[in-house]
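Chemist: So that we are looking at the same thing, I have put the structure below in structure tokens.
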Amino acid sequence: MARDVLPKWAPGTVALLSTGAGAPHAIPVSTAVRAGDRRVLMALAPRRESLARLRSDPRAALTLLTAGNVAVTAHGTAAVLAESLPGAEGVAAVSLDVHEVQDHGQPTFTIEDGVHWRWTDAEAAKRDAAVRAALLALADGIAG
């Protein structure tokens, strides 16, 4: 079943980014930010294999399973918006322009909660918050 638009999710929700350019490759990401009804922004470190794969083949899928009965996969095309994200240098800003939102929901179950991401290092937590803030600022700039 398809949805018309992306659902909303809490900041820091763990999402699963799947890429191709060879055998399927999936990684958890903490920085997925809803940037509109059909766009997601996220940050990837330059060393990430996923970033190299997206450069080779921009097709990607982002899966979210979280509170609020959110169980979706957003299929789309990725593009690097900035090699270094302003305000969070050291990571690339990636946009996923969503072509289809596949809804995995069923009337026989509900998703009550998702994976909880907790940084065990204070500096890593601070950096993650800065990255998401920079992505939100970029999203505001794109929309405005």
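The values are calculated or read from the model by the stated rules, or taken from the named source; none is laboratory data. As the structure is a prediction and not an experimental result, all values here were calculated from the model. Because the Cβ atoms are built from the backbone with ideal geometry, glycine has one as well, and the counts that use them run over all protein chains shown.
Chemist: For the subset of region 89-113 comprising residues that are in contact (Cβ under 8 Å) with a residue 24 or more places away in the chain, under 19 Å from LEU51 (Cβ atoms) and in a loop (DSSP other than H, G, I, E, B), which member is farthest from the chain's Cα centre (by Cα)?
Modeler: If we filter region 89-113 for residues that are in contact (Cβ under 8 Å) with a residue 24 or more places away in the chain, which is where we start, we get 90-105, 110-113.
Now restrict to residues that are under 19 Å from LEU51 (Cβ atoms): 90-98.
Still in the running and in a loop (DSSP other than H, G, I, E, B): 90-91.
Details: GLY90: 17, VAL91: 14 Å.
Selected residue: GLY90.
Chemist: Taking region 17-51 as the region of interest, how many residues are part of a helix (DSSP H, G or I) and free of Cβ contacts under 8 Å to residues at least 24 places away in the same chain? Step through it out loud before you land on a result.
Modeler: Step one: list which residues in region 17-51 are part of a helix (DSSP H, G or I), which gives 49-51.
Filter once more, keeping what is free of Cβ contacts under 8 Å to residues at least 24 places away in the same chain: none.
Number of matching residues: 0.
Chemist: Please determine, by comparing only the residues of region 66-88 that are hydroxyl-bearing (Ser, Thr, Tyr) and over 22 Å from VAL14 (Cβ atoms), which one is farthest from the chain's Cα centre (by Cα). So that I can check it myself, show each step before the final result.
Modeler: Initial filter on region 66-88 (hydroxyl-bearing (Ser, Thr, Tyr)): 66, 73, 77, 84.
If we keep only those that are over 22 Å from VAL14 (Cβ atoms) too, we end up with 77, 84.
Numbers: THR77: 12, SER84: 17 Å.
Here the answer is SER84.
Chemist: OK, next. Based on this model, can you work out whether ARG48 counts as at pLDDT below 90 and surrounded by 14 or more Cβ atoms within 10 Å (Cβ to Cβ)?
Modeler: Working: at pLDDT below 90: yes; surrounded by 14 or more Cβ atoms within 10 Å (Cβ to Cβ): yes.
The answer is yes for ARG48.
Chemist: Same structure, new question: For region 52-61, which positions are touching a strand residue (DSSP E or B) at 6+ places or on another chain (Cβ under 8 Å) and not in a loop (DSSP other than H, G, I, E, B)?
Modeler: Residues satisfying the conditions are ARG53, LEU54, ARG55, ARG59, ALA60, ALA61.
Chemist: Which one of the conditions (1) basic (Lys, Arg); (2) touching a Gly at 6+ places or on another chain (Cβ under 6 Å); (3) closer than 15 Å to ARG132 by Cα does ARG34 fail to meet, given that it meets all the rest?
Modeler: Only one criterion in (1) basic (Lys, Arg); (2) touching a Gly at 6+ places or on another chain (Cβ under 6 Å); (3) closer than 15 Å to ARG132 by Cα is unmet by ARG34, namely (2).
Chemist: Test each condition in (1) in contact (Cβ under 8 Å) with a residue 60 or more places away in the chain; (2) of a type in the set (S, T, N, Q); (3) assigned to a loop (DSSP other than H, G, I, E, B) for THR120 and report the one that comes out false.
Modeler: Only one criterion in (1) in contact (Cβ under 8 Å) with a residue 60 or more places away in the chain; (2) of a type in the set (S, T, N, Q); (3) assigned to a loop (DSSP other than H, G, I, E, B) is unmet by THR120, namely (1).
Chemist: I'm trying to understand the selection: among the residues of region 62-79, which are farther than 16 Å from ALA93 by Cα, part of a strand (DSSP E or B) and among the hydrophobic types (A, V, I, L, M, F, W, C)?
Modeler: LEU64, LEU65, VAL70, ALA71, VAL72, ALA74
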